[in-house]
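To start, the structure under review is shown below, and the notes come after it.
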Amino acid sequence: MAKERLTITLDDAILEQIDDLINGVTVRNRSHAIESILKKHLEPQCKKVLILAAGEGEKLRPLTYELPKALLPVHGQPLLEHTIELLKKNGFRDIVITVGHLGDKIREHFRDGSDLGVNITYSEEPRLLGTAGGIVRARSFVEDGPFLVLYGDTLFDIDLQKFCEFFFEHEATGAVALTSVQDPSTFGVVQLDGNTIVNFTEKPSQEKTHSHLISAGIYVFRPDIFDILPAKSPQEPLSLEQDIFPSMVDEGTLVGYPFSGQWFDITDPGDYERALKKWVPRD
């Protein structure tokens, strides 16, 4: 991205506040601090969050016969409540949750979100539409600006504001938060060239796995994503990872953001047990 050198004059009091932002890591100098402040005020902001929570949790049965996976307890709180608390901490309060299997119980628990200090609406999935299909179904809720997409069956600790800032620094349609695992063969494996994702392979065989970076199921998209997705809900489940990301990779419109915070994907009983043992609640 081209940049132009400017000379500006600031009051000493303002300059002191700018200097207080410099930490040498995320804010390197005065120029970087001023640029960050301007970006927050001038660039489009991520305000809405779409949480995909319509899955049936088949691998977690019998636990999910009567309880949706998003409500499984972790340290005394439903799984999804941990996510909503992180969103609020990061300044996100406008949340849409896709619901299907036992969705009435999710509605009953969270209602309009006011008890948690957020605003929650719901997008109904009468049949399972897949990760991309769920976004299509919820289009009317989120299409007016950049938006976050999260999976309702993961526990994670990431600075979502920094993730969005990273995204806006690149001319991409979407960004994927990336974590590293020892065995990536059961996930969406990512290869990067700089920040651009140059390969995305869903659940590759171990001999074809050349990276330990995987998708964490945390995304941010510009509304341009709806030029790639179908106009209407698909007849069959549609996957971001298998059906949408490969073409975005080919076009160079998908970037990756590695992060080092906690991350647990709760797919089966073993995953759930690991989360119960190892998840460290946030302060």
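The values are calculated or read from the model by the stated rules, or taken from the named source; none is laboratory data. Computed from a predicted structure; not experimentally measured. Every residue, glycine among them, receives a Cβ derived from its backbone with ideal geometry; neighbour counts consider all protein chains shown. Remember, those area values only see protein heavy atoms, side chains included, never the ligands or the DNA or RNA. Shrake-Rupley method; radii C 1.70, N 1.55, O 1.52, S 1.80 Å.
Taking every C-alpha pair closer than 8 Å and separated by at least 6 residues, the mean separation divided by the residue count of the chain gives a relative contact order of 20 percent. Projecting label points 7 angstrom from Cα along Cα→Cβ for LYS278 and LEU21 puts them 3.7 nm apart. Backbone amide hydrogens, once placed in the peptide plane, bring LYS48 within less than 5 Å of LEU148, excluding anything fewer than 5 places away on its chain.
Taking the helices alone, the chain has a mean residue ellipticity at 222 nm of -8000 deg cm²/dmol, built from -39,500 (n - 2.57) per DSSP H run of at least 4 residues and averaged over all its residues. About the centre of its Cα atoms, region 229-277 shows a dipole size close to 200 debye [charges on the beta carbon of Lys, Arg (+1) and Asp, Glu (-1) only; nearest 20 debye]. Segment LEU128..GLU251, full-extension length gain: 41.4 nm, with 0.36 nm per residue of separation and the alpha-carbon distance subtracted.
Net charge of the neighbourhood of PRO237, taken over other residues with C-beta under 11 Å away and scored Lys/Arg +1, Asp/Glu -1, is -2. Carbon-plus-sulfur accessible fraction, the chain (probe radius 1.4 Å, protein heavy atoms only): 48%.
For region 76-195, taking Cα atoms only, Rg and Dmax work out to 15.5, 45 Å respectively.
For region 45-145, the Kirkwood estimate of the hydrodynamic radius, built from every pair of different alpha carbons, is 13.9 Å.
Normalised by residue number, the volume inside the convex hull of the Cα atoms of the chain is 154 Å³ per residue.
Annotation: for a label point projected 7 angstrom from Cα along Cα→Cβ of LYS105, residues of region 69-84 with backbone N closer than 15 Å are 69-74, 77-81.
Here LYS47 and HIS170 are evaluated by their C-beta separation; at R0 = 22 Å the FRET efficiency comes out at 0.70. The per residue volume of the convex hull around the alpha-carbon atoms of region 135-177 is 91 Å³. When the C-alpha to C-alpha distance is required to be over 22 Å, the pairs from LYS69/LYS105; LYS48/LYS88; LYS69/LYS232; LYS59/LYS105 that qualify are LYS69/LYS232.
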